[in-house]
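Values in this text are rule-based calculations from the coordinates and carry no lab data. In this text, all values refer to a predicted model and were calculated from it rather than measured experimentally. Note that each Cβ is placed from the backbone with ideal geometry, even for glycine, and that neighbours are counted across all protein chains shown.
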């Protein structure tokens, strides 16, 4: 299956792109997709503990099963006031 991945803020800056595509096996979880992304990008490996994931417009847990055509957003911690 194929999913689109969107990176935001510091992730997009370090990766040099705000989007990517991943080819995964059917039944892959968000956690396994993050493993694949961590192999590609040091910034994801180093920040993984603090990253949130969303599919579509909803935050999802690491055990969420991805579907072909999903858009996975990887969101770093944000601050502001």
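Starting from the alpha-carbon convex hull of segment 2-75, give the projected area averaged over all orientations, in nm².
Quarter of the Cα hull surface area: 4.2 nm².
For the pair residue 40 and residue 12, how long in nm is the line joining their label points, each one 7 Å along Cα→Cβ?
The answer from the label model is 1.6 nm.
Relative contact order for the chain: what percent, with Cα pairs under 8 Å and sequence separation of 6 or more?
Worked out over the chain, it gives 41 percent.
By how many degrees, between 0 and 90 and to the nearest 10, does the Cα long axis of helix 30-40 differ from the longest principal axis of the chain?
Tilt of helix 30-40: around 60 degrees.
Between residue 62 and residue 26, what FRET efficiency comes out of the Förster formula 1/(1 + (r/R0)^6) with R0 = 22 Å and r the beta carbon distance, rounded to 0.05?
Between residue 26 and residue 62 the formula returns 0.80.
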